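Reviewing the structure listed below.
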Amino acid sequence: MSLSDDPNTQELISRILVRDQQGMERFGIKMRDLKKTPLQFIEEAIEENIDLLRYLIEAANRIKNHQIELEDYIPKEIQTKTIPLETIIEDE
């Protein structure tokens, strides 16, 4: 059964469920049952988002510095497609 026709939404739901299972296996308690204050939840969310931003900055820097080749991550069938030049160049 699918909750959405959108494959990105399906992937997100799947990842949430996997993460939930991992959390239960690791901590054995539902988030709702944690004895934390709202401020503690906010602080933890801030810390998690700081980590997220650090990951994004590192990925962007690797792309900018050509430490990774984007072609390695683009499926071959897309690489071989041609795109009309006028769809790429904006009118000046």
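The values are calculated or read from the model by the stated rules, or taken from the named source; none is laboratory data. As the structure is a prediction and not an experimental result, all values here were calculated from the model. Using ideal geometry, Cβ is built from the backbone for each residue, glycine included, and neighbour counts are taken over all protein chains shown.
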Within region 62-82, can one find any residue that is of a type in the set (Lys, Arg), part of a helix (DSSP H, G or I), at pLDDT below 90 and surrounded by 10 or more Cβ atoms within 10 Å (Cβ to Cβ)?
yes
The number of residues in region 4-46 that are among the charged types (D, E, K, R), under 22 Å from the mean Cα position of the chain (by Cα) and surrounded by 10 or more Cβ atoms within 10 Å (Cβ to Cβ) is 7
